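Values quoted throughout were computed directly from the atomic coordinates according to the rules given, and no laboratory measurement underlies them. Just so we're clear, the structure is a prediction, and the values are computed from it rather than from any experiment. Every residue, glycine among them, receives a Cβ derived from its backbone with ideal geometry; neighbour counts consider all protein chains shown.
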Amino acid sequence: MLIGLSAFLTGVMGGYYAHYVSHISPRILGLDTFLLILLMVIIGGMGMFPGAFIGSFIVTFLSELLRPLELYRMLVFGAIMMLLVILAPKGFMGFLDTIDPYVFKGFRKDKSEV
């Protein structure tokens, strides 16, 4: 049921987006956009709901802060991604969960759901 609802909402939003930009092509969501979304998930942490919001806020802020670097911005994001995978594999929310696991217990995905 949830997968069907997600597919429906994705289709509706895609239709609105196509109407807004007045054309649609596969190049709109290229590799750089995909990598930014992946970085949002890695920074926030997978399996915890607030991690997506925290990751998207941090990546959007960094993207605007690094805008003068233009082409080197993605290189900086790649370095950040490699450091996070090595140093904090569970992301920001995983780091907070290790500090106080009882505060973020409700946001954690149960192991039986995976």
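Odds and ends about this structure:
- Complete set of residues in segment 1-47 that are of a type in the set (Ser, Thr, Tyr) and within 30 Å of PRO89 (Cα to Cα): SER6, THR10, THR33
- Under the condition of being more than 14 Å from the chain's Cα centre (by Cα), outside any helix (DSSP H, G or I) and of a type in the set (D, E, K, R), the residues counted in segment 83-100 number 1.
- When we screen LEU62, LEU75, LEU35, LEU5 for residues that are on the phi < 0 side of the Ramachandran plot, out of contact with any Lys or Arg (no Cβ under 9 Å at 6 or more places or on another chain), surrounded by 13 or more Cβ atoms within 10 Å (Cβ to Cβ) and part of a helix (DSSP H, G or I), the only hit is LEU35.
- Among the criteria (1) surrounded by 11 or more Cβ atoms within 10 Å (Cβ to Cβ); (2) free of Cβ contacts under 8 Å to residues at least 24 places away in the same chain, the one ASP97 does not fulfil is (2).
- Condition met for ILE24 (part of a loop (DSSP other than H, G, I, E, B), without any contact (Cβ under 8 Å) to a residue 12 or more places away in the chain and β-branched (Val, Ile, Thr)): yes
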